[in-house]
Ligand code: SF4
Ligand code: SF4
Ligand code: F3S
């Protein structure tokens, strides 16, 4: 497909750590080179594109103009809103202004990661910059790919579903696609039988840990966390947190930095 025929994505970075982009470039269904060069037309993405500085700004404005009314806007990061948004700027402009302008020309806005969905770590108490998710900051419905980071499989699936059906996938009360966030980690966990048998890891490295027992007593938040990590895994299906012996931190839930803490206590 030529760039004209491929669906266009403009990807903006706000207040974030770029971990969501790091996860995205490890996409394997399809691989990232195929995704970027053959499936999508990624017209702007600060991490993977060549231009920088003024040239990058020019690229962004050219892309927004050229693909107006046709592009999917992907946002990574929360948006600081205190004091007119002065605590988060790119090229001298508050992120909230950039987001508003870019969202106007988009057919859909996708929030990539818990920062973009709900504010993320920037929004943790006491949240001095009044950071919030893109949807809340702009007063619009975003497709929320929650997770810190989210799984690129779910992001690609949401884009493909939107393009094929021409509408947003069914979303839950927190704006997350139900196909990926409809069940809890606990519902689909391979350690669940150990939970039912009250076989718990008590300490990292103990006999229970070696035998793959349940991590509930190590603070696992799987019972309260909606995501499909055990089914799709990360890094080409290599593994996922609980599979690697670490409790789920609840990273796809709103305000998990506050609501799920302390992470290592059940
Ligand atoms: Fe980083 Fe997590 Fe925010 Fe993604 S959601 S930008 S991985 S802190
Ligand atoms: Fe549930 Fe966590 Fe135990 Fe898995 S490890 S069964 S998600 S409490
Ligand atoms: Fe996040 Fe828990 Fe999955 S910490 S990556 S939702 S296992």
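Report whether or not residue 181 is surrounded by fewer than 20 Cβ atoms within 10 Å (Cβ to Cβ), at negative phi, in contact (Cβ under 8 Å) with a residue 24 or more places away in the chain and within 16 Å of ligand 1 (Cβ to nearest atom).
Judged against the criteria, residue 181 is not a match.
Yes/no matrix, rows are residues, columns are (1) assigned to a loop (DSSP other than H, G, I, E, B); (2) outside the structural domain of residue 19 (by TED's automatic domain parsing); (3) at negative phi:
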| site | (1), (2), (3) |
| --- | --- |
| 198 | yes, yes, no |
| 205 | yes, yes, no |
| 209 | no, yes, yes |
| 220 | yes, yes, yes |
| 223 | no, yes, yes |
| 231 | no, yes, yes |
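What residue, among those in the range 217-251 that are buried (at least 20 other Cβ atoms within 10 Å of the Cβ) and over 17 Å from the mean Cα position of the chain (by Cα), is nearest to ligand 1 (Cβ to nearest atom)?
In this case the residue turns out to be 221.
Can you tell me which residue in the range 127-171 is surrounded by the fewest Cβ atoms within 10 Å (Cβ to Cβ), limited to those that are over 15 Å from the mean Cα position of the chain (by Cα) and more than 22 Å from residue 106 (Cα to Cα)?
Ranking the candidates gives 128 first.
Looking at the range 73-92, can you tell me whether even one residue there is closer than 25 Å to residue 157 by Cα, more than 16 Å from ligand 2 (Cβ to nearest atom), surrounded by fewer than 19 Cβ atoms within 10 Å (Cβ to Cβ) and in contact (Cβ under 8 Å) with a residue 12 or more places away in the chain?
Within the range 73-92 (the criterion being closer than 25 Å to residue 157 by Cα, more than 16 Å from ligand 2 (Cβ to nearest atom), surrounded by fewer than 19 Cβ atoms within 10 Å (Cβ to Cβ) and in contact (Cβ under 8 Å) with a residue 12 or more places away in the chain), the answer is no, since none of the residues qualifies.
The values are calculated or read from the model by the stated rules, or taken from the named source; none is laboratory data. Here the structure is a predicted model, which is why all the values come from computation and not from measurement. Neighbour counts are summed over all protein chains in view; Cβ atoms, including those assigned to glycine, are modelled from backbone coordinates with ideal geometry.
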